[in-house]
1. Would you check if there is a residue in the stretch 359-380 being under 27 Å from the mean Cα position of the chain (by Cα), within 23 Å of VAL230 (Cα to Cα) and of a type in the set (Lys, Arg)?
2. Within the stretch 144-184, how many residues are part of a helix (DSSP H, G or I) and in contact (Cβ under 8 Å) with a residue 60 or more places away in the chain?
3. Only one of GLU127, GLU180 is assigned by TED's automatic domain parsing to the domain that holds LEU44, at pLDDT 90 or above and under 28 Å from THR259 (Cα atoms); which?
4. Scan the stretch 171-186 residue by residue and report those that are under 19 Å from LYS123 (Cβ atoms) and surrounded by fewer than 24 Cβ atoms within 10 Å (Cβ to Cβ).
5. Which condition from (1) part of a helix (DSSP H, G or I); (2) among the polar types (S, T, N, Q); (3) surrounded by fewer than 19 Cβ atoms within 10 Å (Cβ to Cβ) is the one that ASN189 breaks?
6. What tally of residues in the stretch 342-365 results from selecting those that are closer than 15 Å to LYS390 by Cβ and of a type outside the set (D, E, K, R)?
7. So, in the stretch 202-243, exactly how many residues are outside any loop (DSSP other than H, G, I, E, B), of a type in the set (A, V, I, L, M, F, W, C) and over 19 Å from ARG280 (Cα atoms)?
8. For the stretch 52-74, give me the residue count where each residue is under 19 Å from PRO156 (Cβ atoms) and either out of contact with any helix residue (DSSP H, G or I) (no Cβ under 7 Å at 6 or more places or on another chain) or at pLDDT 95 or above (or both).
Amino acid sequence: MDIEVIKRNTVEIIPEDELFEKLKRSEKLRVKLGIDPTAPDIHLGLAVVLRKLRDFQDLGHQAVLIVGDFTAKIGDPSGRNKTRPQLTDAEIKENMENYKPQIFKILKEKQTEFRYNSEWLGKLSSEDIIKLAAKFTVAQVIERDDISKRLKKNEPIALHELLYALFQGYDSVAVRADIELGGTDQKFNLLFGRELQRVFGQELQVAIMMPLLEGLDGVRKMSKSYGNYVGITESPKEMFGKLMSIPDTLILKYLELTTNLNEIEINNIKRNLKEGTNPRDIKLRLAREVVSIYHSQEEARKAEEEFLQVFSKKELPTEIPSYTPQEKKIWIVKLLVDSGLAPTRNEARRLIEQGGVKLDRITVKDTNLELEIEKDIILKVGKRKFLKIKVR
C-alpha cells in the first residue's frame, strides 16, 4: 500500500488522518522540501529526506524542491545554540552550482519542480512583512525549543532569526504545498507553514518528520560543519572507508535510512547480529549497498577489495598519488600542508601529536622533524590517506 511506503522510517506525521484523506482524493500531491544552500555538497544525512521525497515520486506525486536562497541570508536557528552565519549571494551561487546534479542522483528530474524562494520572498515589501508578522505573537515564535533554550541561558538571539519560520512557512503558501518533509529539528517550521496556510485560506499541508542521521562520530547529526559526513559524490574508496568507520550501534539505522534493503532483509540482518555475526561483516554489506547506489556495483566491489587490502591485510592501496617536494630537506609540517594532506600548519601539528602521521609505516612523533628526501617514501595520514613522496 502507498501509505506503508510513505510511513516507512518516518518519526511523526502531523496529522496522519489528513494524509490518508489527501491520498484518497488526489493522485498527484505537491510534496515540498526546503533546502538551504549552506554547503556545496549533499551528504547521506540530507539524502534521508531526499530519498523519502523520491518515494513520493515513485508513487506518482510531484516533488517541489525549494532552495532557500533568500532564507539562507537569514540563517536557520533550528538546533543551533548560537546565531548562524548569513550567506552572501556569491556564496549561495557557488554552493548551488553543483547542487542539481547531486540532487538528481536521488530524485527524478521530470517530477521535480525546482524553485528559489527569493522568487516570492524577495518581492515582499516592508509593509508586506509587517502584515505577515502581525498575524503571530512573539510568544508563538519563542516557544520553539532552540530559541527558548538560548533565552534561558541569556544567549544572544538576533531579531532576524525570529523571522525565519515566518518566511519558510510562507514558502508553503507560495507553492501551495500539500505535504512538507523535514527532519525532526524542522518540526516547528513545518507546523508554522500549516498556520500560515490557514491564515491565507489554503488547505493545510501535512508535516512529515524524518529521523536525523548521526554522523561518523556517532553523536552529532551528520553535517559538513562537524566534519562527520559522507558525501554522495565522494569517491567510492572514500565513501566505503568512511562507512566502515561508523560505530556498531549505528549499523541498523544506516541500513534502514541509507540503503534500498527491504524490511525482510533488514530483519534478517538484525537476527544475524543477535546471533553473533561480526558487525564488520554487516558494515561491509552496508558500504557495498551505499556505494552501489551512488556509483555502481562494480565500483563498490573495487572499493571493498581496496579496503580489505589496506585495512585487513595491512597492504598498500593499488593506486597511490605522488608528490615531489621542491626541497631535498623539508620540515614535516610544511610537507603535510604543501602536499595537501593537512589544511593548515596547526592541523598538521595536531595530526602528528595524535599519532596520525606515518612515514614508511613508522609513526612520526616529532613536529620539528626535518625530513631528508633521499628515496621515494610512503606518507600516510589518518586511516585512508596515502601519498608517495618522490625524490626530486
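The values are calculated or read from the model by the stated rules, or taken from the named source; none is laboratory data. Quantities reported herein were computed from a predicted structural model and do not represent experimental measurements. Cβ coordinates were reconstructed from backbone atoms using ideal geometry, including for glycine residues, and neighbour counts include every protein chain displayed.
1. No, that holds for no residue.
2. Here the count works out to 14.
3. GLU180
4. Passing the criteria: VAL173, ALA174, VAL175, ARG176.
5. Condition (3) is where ASN189 drops out.
6. The first filter runs over the stretch 342-365 and keeps only residues closer than 15 Å to LYS390 by Cβ, leaving 359-360.
Now drop any that are not of a type outside the set (D, E, K, R), which leaves 359.
The total comes to 1.
7. 5
8. Number satisfying all stated conditions: 1.
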